[in-house]
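Step one of this worksheet: look at the structure below.
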Amino acid sequence: MGIYLNPKETAFKEAVNSEIFVDKTEMISYLNRVAKTEQKYVCVSRPRRFGKSMAAKMICAYYNRAVDSRPLFEKCKISKITTNDTSITWDEYLGKFDVIRLVITEFIKDSDSVDDMLEFLSDEVISELRHTYPDVYYGNRLNIRTVMNRIYENTNRQFVIIIDEWDAIFRERKDDKEGQKKYLDFLRDWLKDKEYIALAYITGILPIKKYGKHSALNMFDEYSMTYPMQLAPYTGFTAEEVEDLCKRYGRDYRKISGWYDGYRVSDILPPDPDHKQLSITGQSPEAPKYSIYSPLSVVKAMRSGFINNYWNETETYEALRQYIDWNFDGLKEDVAILMDGKKIPVDITGYQNDMTTFNSKDDILTMLIHLGYLSFDSDTKEVFIPNKEVLDVFKSSTKNRDWTVTFRALQNSQKLLEATWKGDQKTVAALLEAAHDKAGNKTYHSEAGLSYAVQLAYYAAQDLYTIIPELDTGKGYADLAYIPKNPKIPAMLIEFKYDKDADTAISQIHRQKYPDRLELYKGNLILVGINYDRTVSNDDVEFKHHSCEIEKA
């Protein structure tokens with residue numbers, strides 16, 4: 001046994017013997033199914049506090065051929081799994097492989113550069129491999145790949161590689177792009193298409209780093225906070241597991257749930273070919289949904305009896321504040337909506353899986369999902385703040401004068417939406433006037449600028465509506481269409497005019513028959529005409545640039 005090669009099972013034994021141990025060993029049954037197959041490359045990304053290292057210790061103890069872990073696992077759930085004749089038994093791979101476990105942060109802190117780190121890592125692992133297999137001829141040019149290949153050729157023994165905090169370089173050396181590429185190339189050359197690998201299991205906060213449209217590690221299947229797939233129930237503690245702990249410790253499950261629940265994940269995507277329903281009906285089952293809790297916070301609350309914010313033990317408020325304050329594409333307004341308990345849509349496809357490459361606010365929001373600050377609804381493609389604990393972090397990160405203005409603007413936006421529903425033309429015009437004043441001078445010189453200012457003023461509607469600028473009606477384009485997500489609230493068509501009048505905007509809506517495009521909402525449709533008159537004199541008693549006409553259709 002060594003430090004990296006076939007380490008002792010002590011770490012997992014301590015976990016099993018701890019006061020609170022939530023048994024996640026059933027996860028190994030899935031890994032056994034993909035081991036020694038083309039799906040043997042598994043990348044699990046989770047926020048801090050979600051049990052990544054615990055799972056790595058468990059996997060290390062299970063596969064390690066140098067230790068006798070059977071007594072440990074015989075007491076766990078995995079040994080109780082019932083299988084059919086064609087399935088791998090629970091102990092099929094128990095103690096059958098050489099295991100190499102690495103924690104990348106340990107190598108980074110003792111290295112001056114990525115090159116130095118890779119050399120350090122290779123030297124340490126090669127040294128232990130040669131010590132364990134002294135009779136193998138290794139040749140003159142030694143690297144970690146050739147050494148493991150020689151061992152496999154001579155012994156026919158395969159390896160399980162476990163890399164914890166694999167993405168630490170992208171977090172701790174954010175600006176070293178060249179070093180990051182070298183690191184990815186090192187992992188690819190070491191792991192990809194190698195017969196000596198039975199299973200490669202890497203964990204981190206971020207998914208696999210992309211090179212534009214390509215990835216150096218494209219052999220890995222990613223089990224992330226956005227799509228955990230078959231590993232969804234092992235993302236954190238499930239509701240059932242937390243409820244059992246509450247009964248055991250006499251805690252109030254409703255309070256615990258309010259503070260620490262909120263992460264929603266879906267299982268079995270792509271469909272599980274071994275699922276019973278598939279063999280019976282020929283149809284894959286609908287992916288079950290899990291309500292996931294942060295393990296660290298739940299354990300702390302159970303043991304102490306205090307329901308509190310335990311986030312600050314692993315994350316700082318400044319980390320969140322930094323990303324919000326960049327205010328990509330009006331991100332601050334979105335955060336205000338999220339803090340009001342709403343959801344907002346997000347496109348997660350453009351995120352480059354690092355902490356420096358951001359092209360839109362969607363990239364920031366996607367990163368916050370992976371960091372655990374936001375939860376992702378894979379059905380609606382929306383994000384939301386998961387629970388009171390994380391909301392507390394947001395509140396602490398937004399305690400300054402700038403945010404007072406943002407929150408007040410959100411309140412005004414909600415008032416604007418309600419006034420529109422009520423047909424209160426005077427209030428709508430006044431609130432648009434105030435919002436336009438704060439939108440900046442660039443919005444004052446065109447109809448397009450007016451459109452931008454109005455959309456900004458109505459940003460509280462994002463949670464309730466799908467917003468379509470320039471809706472094609474067949475006879476023209478309606479400036480803004482708000483399609484409700486809930487049939488109980490009205491649809492809205494908004495038409496702008498510049499230096500004309502609001503009546504002209506309403507007349508155009510009727511003349512061009514824009515409501516016909518939203519025929520399904522007849523009787524629950526609001527028509528809004530908005531005009532901006534730049535010629536109004538500020539000497540006028542009722543000085544106001546904006547006018548508004550509202551009708552129901």
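Here are the numbers for the structure shown:
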read-out	value
Global form of segment 46-163, assessed from the alpha-carbon gyration tensor, a/c cut-off 1.5	oblate
Considering only the chain, percent of DSSP beta bridges that pair antiparallel, nearest 5	50 percent
Calculated SAXS-style log₁₀ I(q)/I(0) at q = 0.17 Å⁻¹ - segment 10-223, Debye, Cα scatterers	-1.31
Value at 222 nm in deg cm²/dmol, rounded to 500, when DSSP H runs of n ≥ 4 in the chain each add -39,500 (n - 2.57)	-12000 deg cm²/dmol
Under 13 Å from the Cα of Lys13 - aspartates and glutamates, other chains or at least 8 residues apart	Asp23, Asp68, Glu74
Acute angle (nearest 10 degrees) that the helix 401-422 long axis makes with the longest principal axis of the chain, alpha-carbon atoms	60 degrees
Cα gyration tensor, segment 309-399 - rounded (a/c under 1.5), prolate or oblate	rounded
Contour minus Cα-Cα distance for Arg65 and Lys488 (0.36 nm per residue)	146.1 nm
Residues whose placed amide H lies under 5 Å from that of Thr466, excluding near-sequence neighbours	Ile483, Lys485
Peptides 226-238, 416-428 ordered by average Cβ neighbours within 10 Å, highest first	226-238, 416-428
C-alpha long axis of helix 361-370 to longest principal axis of the chain, angle in °	40 degrees
Fewest-first sequence of Met58, Met339 by Cβ atoms within 10 Å of each Cβ	Met339, Met58
P(r) of the chain over all Cα-Cα pairs, binned every 20 Å from zero, in whole percent	18, 43, 27, 11, 1
Dipole magnitude of segment 309-399 about its Cα centre (Cβ charges: Lys, Arg +1; Asp, Glu -1), debye to nearest 20	240 debye
Cα-based equivalent ellipsoid of segment 104-217: semi-axis lengths in Å, sorted from largest, via gyration tensor	26, 16, 12
Mean-position separation - Cα centroids, segment 153-225 and segment 389-423, in angstrom	42 Å
Mean separation of Cα contacts under 8 Å (6+ apart) over length of the chain, as relative contact order %	11 percent
Residues of type lysines that Lys192 reaches as a straight line, Cα spacing below 18 Å, ignoring anything fewer than 8 places off in the same chain	Lys36, Lys40, Lys181, Lys182, Lys209, Lys210
Degrees between helix 177-191 axis and first principal axis of the chain (Cα, 0 to 90, nearest 10)	50 degrees
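Each reported figure results from applying straightforward, stated rules to the coordinates on display, with no laboratory input. Source: prediction; values computed, not measured. Every residue, glycine as well, gets a Cβ built from its backbone with ideal geometry; the counts of neighbours run over all protein chains shown.
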